[in-house]
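What follows is a single structure, written as C-alpha cells, with notes after it.
The values are calculated or read from the model by the stated rules, or taken from the named source; none is laboratory data. Keep in mind that this is a model prediction, so the values were computed, not measured. No Cβ is skipped: glycine too gets one built from the backbone with ideal geometry, and neighbour counts run over all protein chains shown. Calculation scope for accessible area: heavy atoms of the full protein, side chains included, ligands and nucleic acids excluded. Shrake-Rupley method; radii C 1.70, N 1.55, O 1.52, S 1.80 Å.
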Amino acid sequence: MSDDTHFGYRQVPLDEKQALVDDVFHKVARRYDLMNDLMSGGLHRAWKDALVTAINPPPKGRPGRLDEKSERAFALLDVAGGTGDISFRTIAAGGAGTRATVADINAEMLAVGRERAYGQALDDVVTFVDANAESLPFADKSFDAVSIAFGIRNVPRIDVALAEMHRVLRIGGRFLCLEFSNVDVPGLDALYELYSFNVVPALGRVVAGDAEPYRYLVESIRRFPRPNAFAAMMRAAGFARVSHRVLSGGIVALHSGWRL
Ligand code: SAM
C-alpha cells in the first residue's frame, strides 16, 4: 500500500501514475494553450508574469549603453515546461544573454513548444529536452534558476524531483514553483468548487472533445499538499529561505527556495 499514490481521486500504484499522466497531456497538447486561457479566463498569464518577475532574468541593456554581447548570461531550466510558456516569457523579459531550457516528459507537448519557438524565431535561445523531472539529464549546479509551473503535482515522486531540481541549481540560484493551491476565501471557495468540477470538464468536452483529462486536472489540484506541507518537502530537498505567497485568493501559490 505504501507504494501507492493518487491519480486525481483514484488510488494507483506509484509506477503506473506517470503513464496515466502522459496520456492526459498527450490528449490535451494541441489544445493546451487555448484551454489555459479559457479555463483561467486569461488569469494564468498574470500568474506566469509573477513567476517570471521572481525568476528575475538580467534586464535588457538600455539602448546605446550596453551592446548585446556585454549583457550577462543567465540560464533558466523550466521543468515540466510543456509548450514553453515560462521560457518564452523569461526570454522576453531578459537581456540578450538569457537562455532557457524546457524539460518535459511528453513528446507531444514539446513538439507544440518547438513549433512555437520556430514561429517566434526563438529556437536558438529556447531548447526543448525530453526529460523526466525525477532524473534530469543535466550536470550539477548548471542553471541560474529552476522553475516548474503547474507541473509538480503531476510528478509521481515529488521528493525525488525536488532533489533533482536542487542538484542542477547553482549555489545562490533560486527555485520557483507555481502550483494550484487552496481557496480559503468564504464565498469564493464554493464558487471555485462549482466552476472547477462543472465548467472546466464541460469546456474540455466542448473545446478539446474530452472532459476526462480536465476532470483529472481538477482532482489533482485538490490532492496536492497544502503550501506549508509543500514548504516542508522543499526544505527536505535542501532548499533554504523557503517561502510562498498566494495569488488570486489562493487559487495559485508561488513557492520560492534558494540553493545556498
Ligand atoms: N509548465 C507548463 C505551463 O505552465 O504551461 C506546462 C504545465 S502542464 C499542466 C504539466 C506538464 O508536466 C505537462 O507538459 C507534462 O507532460 C509534464 N510532466 C508530467 N510529468 C512529468 C515528469 N515526470 N517529468 C517532466 N515533465 C512532466
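Computed over protein heavy atoms with a 1.4 Å probe, the carbon and sulfur contribution to the accessible area of the range 1-144 reaches 51%. Counting only DSSP beta bridges with both residues in the range 1-148, what percent are antiparallel, rounded to the nearest 5? Once the DSSP bridges in the range 1-148 are tallied, antiparallel ones form about 25 percent. Between the range 155-197 and the range 117-152, the alpha-carbon centres lie 18 Å apart.
Pairs of alpha-carbon atoms within less than 8 angstrom and 6+ residues apart define the contacts here; what relative contact order does the range 121-260 have, in percent? 28 percent.
Just the number please: accessible area per residue for the range 92-248, 1.4 Å probe, all protein chains included, in Å².
Values: 6830 Å² over 157 residues.
Result: 43 Å² per residue.
Where Lys and Arg each count +1 and Asp and Glu each count -1, what net charge lies around Ala93 among other residues with Cβ under 12 Å from its Cβ? That works out to +2. Peptides 111-118, 36-43, ordered by how many other C-beta atoms sit within 10 Å of their residues on average, highest first, read 111-118, 36-43. Roughly how many Å is it from the Cα centre of the range 23-65 to that of the range 71-86, as a whole number? Each part reduced to its Cα centre gives a spacing of 11 Å. Measuring with a 1.4 angstrom probe and ignoring ligands and nucleic acids, Val183 comes out at about 20 Å² accessible.
If we count every other residue with Cβ under 13 angstrom of Ser220's Cβ, Lys/Arg +1 and Asp/Glu -1, where does the sum land?
Details: positive: Arg10, Lys17, Arg153, Arg215, Arg222, Arg223; negative: Glu179, Glu212, Glu219.
Around Ser220, the charge tally is +3.
Placing +1 on the Cβ of every Lys and Arg and -1 on the Cβ of every Asp and Glu, with nothing else charged, gives the range 14-154 a dipole about its Cα centre of roughly 620 debye. Comparing Leu178, Ala111, Val24 along the charge dipole axis of the chain, the residue lying farthest to the positive side is Leu178, per the Cβ-charge model.
Please give the calculated 222 nm ellipticity per residue for the chain, where each DSSP H segment of at least 4 residues contributes -39500 (n - 2.57) and the sum is spread over every residue; nearest 500 deg cm²/dmol?
Numbers: 10 runs with 103 residues, N = 260.
Estimated from H runs of four or more residues: -11500 deg cm²/dmol.
With a Cα cut-off of under 25 Å and a minimum spacing of 8 residues unless on different chains, the lysine pairs in the chain number 7.
Relative contact order for the chain: 19 percent, from Cα pairs under 8 Å spaced at least 6 residues apart, divided by residue count. When the Cα positions of Ala232, Ala121, Gly204 are compared along the charge dipole of the range 88-247, Ala232 comes out farthest toward the positive end, with charges on each C-beta of Lys, Arg, Asp and Glu. Placing +1 on each Lys and Arg Cβ and -1 on each Asp and Glu Cβ, with no other charges, gives the chain a dipole about its Cα centre of roughly 920 debye.
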